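*Asks:* A single structure is presented below for examination.
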Amino acid sequence: MAIKSSKPNPFLAWCLGIIVPAWIRLIRMTTRWEVIGQDNFERARASEEGMIVVFWHSRILMMVDQRRLFPKRFWFMISEHRDGELIARAVKGFDISFARGSARNPRKKAKNKSGSNALRTLLKALRRGEGVGLTPDGPRGPREKCHAGIVQLAKLSGVPVYPAAFAVQRAHFFSTWDRFHFPFPFSKGCYVYGDPIIVEGDEEEARQKIEDALQKVTLEADRRMGHLATDAKMTAQAADDRKTVSSS
């Protein structure tokens, strides 16, 4: 049996490194942006302490662009698989540092070890007052389901968690596991920043609180851009997924 390479195709990586940054900047410059939760955004931007900004995997594209508005060093956690390397190549021009690891999977001890290493890297960064961006349902889902790692990181560091989302009026939802939100230029768009969350006490309650807050800001962004009616099936399926997981 052939072994699947963990290295990305060099040509594909080169193309992504050119096309993705150019597309992000095109969307930024041709979109009429609105910020909902401006006070929360300014609080996060001006803070001298560490902070965690969380957003669903489907909204990663334009959240990358927000990094330029934060003066502090910013970290993302990416998979050690080739998908993670492709993401790193695609956004290398946005001054992002990377901690490589995977979400905890009890059946894959090797990945758990890499995740622990990434957790330590991010914890040190937060204690230095730096920022961390995380997709709590990445890299492979379940979609819009918050993994426990974000709760552990927030609890150990004691820093606030800021839920965030973006949506653009002219956009396409891909039929991928995360229903990736792909924006088109010359449109309207919005960023939504929720109230900061401090993780204390019961970790499951905190995990659910973060998940609910992320659902709220994402639905608000979609509502403002007119996507709830056209993508109601996606929203209903996400609710069904949460019920299935909670009852299992």
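*Asks:* Restricting to region 120-152, what's the tally of residues that are of a type outside the set (Gly, Ala, Ser) and touching a strand residue (DSSP E or B) at 6+ places or on another chain (Cβ under 7 Å)? Break it down into steps so the answer makes sense when it comes.
*Replies:* Restricting attention to region 120-152, the residues satisfying the condition of being of a type outside the set (Gly, Ala, Ser) are 120-124, 126-128, 130, 132, 134-137, 139-140, 142-147, 150-152.
Restricting the remaining residues to those that are touching a strand residue (DSSP E or B) at 6+ places or on another chain (Cβ under 7 Å) gives 121-122, 126, 130, 132, 134, 136, 150.
Of the residues in that region, 8 qualify.
*Asks:* Output the residues belonging to region 128-180 that are in contact with an Asp or Glu (Cβ under 7 Å, 6 or more places away or on another chain) and on the phi > 0 side of the Ramachandran plot.
*Replies:* GLY129, GLY141, GLU144 - these are the residues of region 128-180 that are in contact with an Asp or Glu (Cβ under 7 Å, 6 or more places away or on another chain) and on the phi > 0 side of the Ramachandran plot.
*Asks:* Does PHE182 qualify as being surrounded by fewer than 22 Cβ atoms within 10 Å (Cβ to Cβ) and either under 30 Å from ARG32 (Cβ atoms) or basic (Lys, Arg) (or both)? Give the derivation first.
*Replies:* On the way: surrounded by fewer than 22 Cβ atoms within 10 Å (Cβ to Cβ): yes; either under 30 Å from ARG32 (Cβ atoms) or basic (Lys, Arg) (or both): yes.
Answer is yes for this residue.
*Asks:* In addition: Consider PHE11 against the criteria (1) assigned to a strand (DSSP E or B); (2) among the hydrophobic types (A, V, I, L, M, F, W, C); (3) over 24 Å from GLU144 (Cβ atoms): it satisfies all of them except one. Which criterion is unmet?
*Replies:* Condition not satisfied by PHE11: (1).
*Asks:* Within the group LYS216, LYS188, which residue is in contact with a strand residue (DSSP E or B) (Cβ under 7 Å, 6 or more places away or on another chain) and either open to solvent by 10 Å² or more (accessible area, probe 1.4 Å) or not aliphatic (A, V, I, L, M) (or both)?
*Replies:* Working: LYS216 fails: in contact with a strand residue (DSSP E or B) (Cβ under 7 Å, 6 or more places away or on another chain).
Sole residue among the options that is in contact with a strand residue (DSSP E or B) (Cβ under 7 Å, 6 or more places away or on another chain) and either open to solvent by 10 Å² or more (accessible area, probe 1.4 Å) or not aliphatic (A, V, I, L, M) (or both): LYS188.
*Asks:* Enumerate the helices (runs of 4 or more DSSP H) found wholly within region 42-156, keeping only those where 1 or more residues are open to solvent by less than 10 Å² (accessible area, probe 1.4 Å) and at pLDDT below 90.
*Replies:* Of the helices (runs of 4 or more DSSP H) lying wholly inside region 42-156, those with at least 1 residues that are open to solvent by less than 10 Å² (accessible area, probe 1.4 Å) and at pLDDT below 90 span 82-90, 109-127.
The values are calculated or read from the model by the stated rules, or taken from the named source; none is laboratory data. The model shown is predicted, which means the values in this text are computed figures rather than measured ones. Glycine gets a Cβ as well: all are built from the backbone with ideal geometry, and neighbour counts include every protein chain shown. Areas reflect the complete protein model, heavy atoms only, side chains present, ligands, DNA and RNA absent. Shrake-Rupley method; radii C 1.70, N 1.55, O 1.52, S 1.80 Å.
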